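**Student:** Provided herewith is a single structure, encoded as structure tokens, for subsequent inquiry.
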Amino acid sequence: MFECPSCNKKTISKSSKFWIGPIRSITCKNCNAKVSVPYSSLFLLTLYLALMLIIPKMRMNLIAILVMIVVIFVAYIYLNYKYVPLEVKLRKNENGYKKQKIKNVIMATCYFTLSFTFIFLLT
Ligand SMILES: [Zn+2]
């Protein structure tokens, strides 16, 4: 279980942390705060997905490919649990909502610009 960033009680289960993204949030059962992850977590997810697309195209035998896919999947879960922080998603009437919203829009724009540039350079 993970601590809720708002009330510091262990209310966030491992499986629910795996499925939350910057857009998808969950509600803490104890304090009712909306809990999410920062946009920077998308970089880790993208790296993971990119590797998952590249590995099957490499010229290796099937077993080596399967082993690498499992290793990277486990590494992704480990990094996600260990390094992706949980954050409280503020509601409209709460202090700092606008500031968080602006930060998120900037992060999302950076992310999409970077990933499109990367795709453009690869093709
Ligand atoms: Zn809470």
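**Student:** Regarding VAL84, is this residue within 16 Å of the ligand (Cβ to nearest atom) and touching a Leu at 6+ places or on another chain (Cβ under 7 Å)?
**Tutor:** No: the conditions fail for VAL84.
**Student:** Any residue in the range 81-100 that is loosely packed, with under 10 Cβ neighbours inside 10 Å sitting within a Cβ distance under 9 Å of a residue that is of a type in the set (Asp, Glu) and in a loop (DSSP other than H, G, I, E, B)? List the pairs, counting only those 6 or more apart or interchain.
**Tutor:** none
**Student:** Any idea which of (1) in a helix (DSSP H, G or I); (2) of a type outside the set (A, V, I, L, M, F, W, C); (3) without any contact (Cβ under 8 Å) to a residue 24 or more places away in the chain is the one SER115 doesn't satisfy?
**Tutor:** SER115 satisfies every listed condition except (3).
**Student:** Between a residue in the range 21-37 that is touching a residue at least 40 places away in the same chain (Cβ under 8 Å) and at positive phi and any residue that is within 8 Å of the ligand (Cβ to nearest atom) and not basic (Lys, Arg), which pairs come within a Cβ distance under 9 Å, given they are 6 or more apart or on different chains?
**Tutor:** Note: no pairs meet the criteria.
**Student:** So which of PHE2, PHE18, PHE43 is in contact (Cβ under 8 Å) with a residue 60 or more places away in the chain, more than 16 Å from the ligand (Cβ to nearest atom) and either farther than 23 Å from ILE119 by Cβ or touching a Leu at 6+ places or on another chain (Cβ under 6 Å) (or both)?
**Tutor:** PHE18
Computed from the coordinates by the stated procedures, all read-outs in this text should not be read as laboratory data. No experiment lies behind these values; they were computed from the predicted model shown. Reconstructed Cβ throughout: ideal geometry from the backbone, glycine too, with neighbour counts over all protein chains shown.
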